[in-house]
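Chemist: Once you've had a glance at the structure underneath, I'll fire off some questions.
The values are calculated or read from the model by the stated rules, or taken from the named source; none is laboratory data. All of these numbers come straight from a predicted model, not from anything done at the bench. All Cβ positions, even for glycine, are placed from backbone atoms using ideal geometry, and neighbour counts span all protein chains on display. Just the protein is used for accessible areas: all its heavy atoms, side chains included, with ligands, DNA and RNA removed. Shrake-Rupley method; radii C 1.70, N 1.55, O 1.52, S 1.80 Å.
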Amino acid sequence: MPRPSVREQLVEAAMECFHERGFNGTGIQDIARTAGVPKGSVYNHFENKEALAGEVMDRYAASRRLEMLGDESLPPVPRLRAHFQYLAADLERFSYGRGCMFGNFGAELANQTDTMRGKVDARLSAWTDAVTQVLEEARAAGALTSALTPGQLGQFLVDGWEGAVLRAKVTRSRAPLDGFFDVFDSLVV
């Protein structure tokens, strides 16, 4: 009888562990224990911890719901704000203590592994592109009057969000996110 695949359990466990303790603070044994499987199971499904982290990054990216940014049932500016509000609510679920996995992995791994640095950069770039697209729609509809180009503003919003999330993680407070929304409301109008 073939053994059941535990790949999904491992990805979910790794996501939990990496988000809670970081890449370097999480061992293969931690992931296996959280998944409830033997340590060797990890290597049956993933070449190494970095390969598992890459899968986790893909899963985390999907959970950021970028498709919200393409939902044309809302006008562009409220749609963009709703996206950031969704992200803020997700941070609140963990009392702001986990931060954003893109930012966490970027800060922790950028000088350790080119593969993970590239994955983080690609995810942040895709997010910036999606935000920029909404801002271009807002500009075309006359709802964006900022002197900044949609590309400049999109980059600033993603970078500003990541900074606010890091600060919220440090302070365990929503205040930095509220500051982000204050600036968002003054720039994206």
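Chemist: Taking the residues in the range 59-77 that are open to solvent by 60 Å² or more (accessible area, probe 1.4 Å) and either in contact (Cβ under 8 Å) with a residue 40 or more places away in the chain or more than 22 Å from the chain's Cα centre (by Cα) (or both) as candidates, determine which candidate is nearest to A126 (Cα to Cα).
Modeler: Among those that are open to solvent by 60 Å² or more (accessible area, probe 1.4 Å) and either in contact (Cβ under 8 Å) with a residue 40 or more places away in the chain or more than 22 Å from the chain's Cα centre (by Cα) (or both), it is R59.
Chemist: Still on this structure, I have one more. Take F102 and decide whether it is of a type outside the set (G, A, S) and either at pLDDT 95 or above or surrounded by fewer than 17 Cβ atoms within 10 Å (Cβ to Cβ) (or both).
Modeler: no
Chemist: Looking at E55, E20, E8, which one is open to solvent by 60 Å² or more (accessible area, probe 1.4 Å), under 21 Å from Q112 (Cα atoms) and part of a helix (DSSP H, G or I)?
Modeler: Result: E20 is the single residue among E55, E20, E8 that is open to solvent by 60 Å² or more (accessible area, probe 1.4 Å), under 21 Å from Q112 (Cα atoms) and part of a helix (DSSP H, G or I).
Chemist: Hey, could you check the range 141-157 for residues that are in a helix (DSSP H, G or I) and of a type outside the set (G, A, S) and say which is surrounded by the fewest Cβ atoms within 10 Å (Cβ to Cβ)?
Modeler: Applying the filter and picking the extreme gives Q152.
Chemist: Then there's this: Quick test for you: out of T115, T26, pick the one residue that is crowded, with 19+ Cβ neighbours inside 10 Å and of a type in the set (S, T, N, Q).
Modeler: T26
Chemist: Next question. What are the residue pairs meeting all of these: first residue in the range 174-189, first residue of a type in the set (A, V, I, L, M), second residue at pLDDT below 95, Cβ atoms under 6 Å, and 6 or more apart or on different chains?
Modeler: Cβ pairs passing all conditions: L187/S146.
Chemist: When you look at S95, is it open to solvent by less than 60 Å² (accessible area, probe 1.4 Å), more than 18 Å from A126 (Cβ to Cβ) and of a type in the set (S, T, N, Q), yes or no?
Modeler: No, not satisfied.
Chemist: Which of the residues that make up the range 9-32 are at pLDDT 95 or above and of a type in the set (K, R)?
Modeler: none
Chemist: Separate question: Against the definition (closer than 20 Å to A164 by Cα and surrounded by fewer than 19 Cβ atoms within 10 Å (Cβ to Cβ)), how does A107 come out, yes or no?
Modeler: Against the criterion (closer than 20 Å to A164 by Cα and surrounded by fewer than 19 Cβ atoms within 10 Å (Cβ to Cβ)), A107 qualifies.
Chemist: Which condition breaks for R93 when tested against (1) in contact with a helix residue (DSSP H, G or I) (Cβ under 9 Å, 6 or more places away or on another chain); (2) free of Cβ contacts under 8 Å to residues at least 12 places away in the same chain?
Modeler: Here R93 meets the rest and fails (1).
Chemist: Is the range 29-47 home to any residue that is under 19 Å from the mean Cα position of the chain (by Cα) and open to solvent by less than 60 Å² (accessible area, probe 1.4 Å)?
Modeler: no
Chemist: Look at the range 119-171 and say how many of its residues are within 19 Å of the chain's Cα centre (by Cα) and among the acidic types (D, E).
Modeler: 4
Chemist: Just give me the residues in the range 5-22 being of a type in the set (D, E) and under 16 Å from the mean Cα position of the chain (by Cα), in sequence order.
Modeler: The answer is E12, E16, E20.
Chemist: Starting from the range 17-39, keep only residues that are touching a residue at least 60 places away in the same chain (Cβ under 8 Å), then list their pairs with residues that are acidic (D, E) and in a helix (DSSP H, G or I) whose Cβ atoms are within a distance under 7 Å, requiring at least 6 positions of separation or different chains.
Modeler: Correct list of pairs: G22/E108; F23/E108; N24/E108.
Chemist: Can you pull out the residues in the range 158-189 that are among the hydrophobic types (A, V, I, L, M, F, W, C), closer than 24 Å to P75 by Cβ, open to solvent by 40 Å² or more (accessible area, probe 1.4 Å) and part of a helix (DSSP H, G or I)?
Modeler: V183, L187
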